[in-house]
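What follows is a set of notes on a single structure, which appears directly below.
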Amino acid sequence: SPERAVEVNRRILELDENNEVALSALERLYLATARYPELLGVYEKKLALETDPQARRSIRYRIASLFEEEVKDPARAVDSYLAILVTDGDELPALSALDRIYTQTARHPELGDILARELAIVDPADTAAVVDLKFRLGRLREEHLSDVAGAIDCYRDLLDLDPSHAGARESLER
């Protein structure tokens, strides 16, 4: 039974707190049984033991994702994604996650910062992504940040890339 397996692996960790086999077994068991607080404890322990930067990064993403998707704690998810940016620099998966959370929680100033950071690192050849980010940033500045001049700049930049963008045209005409 899963409960028996959890108990056995916990006992192993009592005797050898750094036993990676027991930690991995508990990770699988806690995932399978949706025991997220315990799973977070396993991830924290694995993070403390891990020395490889890529593996540490992967664990940090699992922690952040767990807070966002399963525990439903946006504040802890934000802290976790921000920690990834501090240790690994700006990267799209963490910025996109923060974009999603800040959009859902209406944290407009923070969202403005994240959209600008996404724009700075998105592939300029990905015109659709650049246009989408510029339009969203323009709308945010116009509707929530009282930055009309900044919004106009976004819309003008966007129209340079996509002259037929109806949303940007309508916004500039207002």
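Quick notes on this structure:
- Failed item, numbered, when Ser58 is tested on (1) more than 17 Å from Glu38 (Cα to Cα); (2) open to solvent by less than 40 Å² (accessible area, probe 1.4 Å): (2)
- Taking residues in region 62-77 that are outside any helix (DSSP H, G or I), and partners anywhere that are loosely packed, with under 14 Cβ neighbours inside 10 Å, the pairs with Cβ atoms closer than 9 Å and at least 6 places apart or on different chains are Val71/Pro37.
- Check on Arg139, crowded, with 16+ Cβ neighbours inside 10 Å, over 21 Å from Asp90 (Cα atoms) and not acidic (Asp, Glu): yes
- In the condition set (1) open to solvent by 10 Å² or more (accessible area, probe 1.4 Å); (2) more than 28 Å from Gly41 (Cβ to Cβ); (3) part of a helix (DSSP H, G or I); (4) in contact (Cβ under 8 Å) with a residue 24 or more places away in the chain, Asp90 is compliant with all but (3).
- Summed over region 121-134, the residues that are part of a helix (DSSP H, G or I) and within 29 Å of Asp79 (Cβ to Cβ) give a count of 6.
- The residue that is most open to solvent (accessible area, probe 1.4 Å), counting only those in region 142-155 that are over 16 Å from Thr127 (Cβ atoms), free of Cβ contacts under 8 Å to residues at least 24 places away in the same chain and part of a helix (DSSP H, G or I), is Glu143.
- Applying the set (1) in contact (Cβ under 8 Å) with a residue 12 or more places away in the chain; (2) surrounded by 14 or more Cβ atoms within 10 Å (Cβ to Cβ) to Thr103 leaves exactly one unmet item: (1).
- Some residue of region 111-120 being open to solvent by less than 80 Å² (accessible area, probe 1.4 Å) and in a loop (DSSP other than H, G, I, E, B): no
The values are calculated or read from the model by the stated rules, or taken from the named source; none is laboratory data. Everything quoted here is computed from the prediction, not taken from an experiment. With ideal geometry, Cβ positions are generated from the backbone for all residues, glycine too; neighbour counts draw on all protein chains shown. Protein only, heavy atoms only, side chains kept; ligands, DNA and RNA dropped before computing areas. Shrake-Rupley method; radii C 1.70, N 1.55, O 1.52, S 1.80 Å.
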